[in-house]
1. For segment 139-149, enumerate the residues that are crowded, with 16+ Cβ neighbours inside 10 Å and part of a helix (DSSP H, G or I).
2. How about segment 111-133: which of its residues are in a strand (DSSP E or B) and either in contact with an Asp or Glu (Cβ under 9 Å, 6 or more places away or on another chain) or surrounded by 10 or more Cβ atoms within 10 Å (Cβ to Cβ) (or both)?
3. Suppose we filter Ile117, Ile182, Ile148, Ile154 for residues that are closer than 25 Å to Arg70 by Cβ and either touching a Ser or Thr at 6+ places or on another chain (Cβ under 9 Å) or among the acidic types (Asp, Glu) (or both); which single one remains?
4. Would you mention how many residues in segment 77-109 are in contact with a helix residue (DSSP H, G or I) (Cβ under 9 Å, 6 or more places away or on another chain), surrounded by fewer than 16 Cβ atoms within 10 Å (Cβ to Cβ) and assigned to a helix (DSSP H, G or I)?
5. Among the candidates Arg201, Arg159, Arg186, which residue alone is surrounded by 14 or more Cβ atoms within 10 Å (Cβ to Cβ), charged (D, E, K, R) and modelled with pLDDT of 95 or more?
6. When segment 150-197 is examined, which residues are found to be of a type in the set (Gly, Ala, Ser) and in contact with a Cys (Cβ under 7 Å, 6 or more places away or on another chain)?
7. Quickly run through segment 109-123 and pick out the residues that are hydrophobic (A, V, I, L, M, F, W, C) and touching a strand residue (DSSP E or B) at 6+ places or on another chain (Cβ under 6 Å).
Amino acid sequence: MRQLVESMTRKTPASIAGGPPVKSVAARRKAGVARGRRLSDDSGGSRPLNFKELARFLDGVAIESEAAERGVCPRQILEELPRDVCRMVPSRCFLAVMDDVATWGPVAVPLNTADGIVEFNLTLPRGEIKADYFYWLQDGPIRGRLRISRCAGIAFVERPFLGRPSAAVLFFNRDGNLMFKIFLARDDNHQLDPKQVEQFRALAKRLSRRGGALGKLPEG
């Protein structure tokens, strides 16, 4: 396993005149998926849920996709990620998270289906809780409500995706599935805003320090 990990982390020079062409995004994604699966298969035919090393090399693989392939819920994968990749906070921090995110400026809110991903880039307004739901307070590019009693925890995840850093706040429900996702936005050069990254990390550190333990997933 160590040899495979070391070989995957070796840096190779960028393409130069006369050298091999730079891989496309699709090719990088395919290669990342293949590397992750090779590592997983190498750790045992049953592909056990041990992401302590593997997590860093699932570049280009969505948490939901990997969970579906393994026959588990996304939370089970999130809980296996190392602390420097994923910080978990309890659901009682929901409003504190949303209030803070409202000060970050534009973020990305993706909606995943089996057939694709639709992403909205916007500044999330502040909201309030009424009768078991979180409502956004002002009219604008996002409307609707989230049923906060279904929220069982929040994950702050920082990991590579398609060769670039990514950071996301993931809300998961009592079944261990993802109910809402907020990603840090990228600029025209596909880079994260350093100030936004600092806000993301500060919030994750503050809430995980005071948040306490998460509850267990329900049986069955």
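The values are calculated or read from the model by the stated rules, or taken from the named source; none is laboratory data. Since the structure is predicted, the reported quantities are computational estimates derived from the model, not experimental observations. Glycine gets a Cβ as well: all are built from the backbone with ideal geometry, and neighbour counts include every protein chain shown.
1. Ile148
2. Answer for segment 111-133, where residues must be in a strand (DSSP E or B) and either in contact with an Asp or Glu (Cβ under 9 Å, 6 or more places away or on another chain) or surrounded by 10 or more Cβ atoms within 10 Å (Cβ to Cβ) (or both): Leu111, Asn112, Glu119, Phe120, Asn121, Leu122, Gly127, Glu128, Ile129, Tyr133.
3. So the residue among Ile117, Ile182, Ile148, Ile154 that is closer than 25 Å to Arg70 by Cβ and either touching a Ser or Thr at 6+ places or on another chain (Cβ under 9 Å) or among the acidic types (Asp, Glu) (or both) is Ile154.
4. Qualifying residue count for the region: 2.
5. Every option except Arg201 fails the conditions.
6. Selection gives Ala155, Gly176.
7. Val109, Leu111, Ile117, Val118, Phe120
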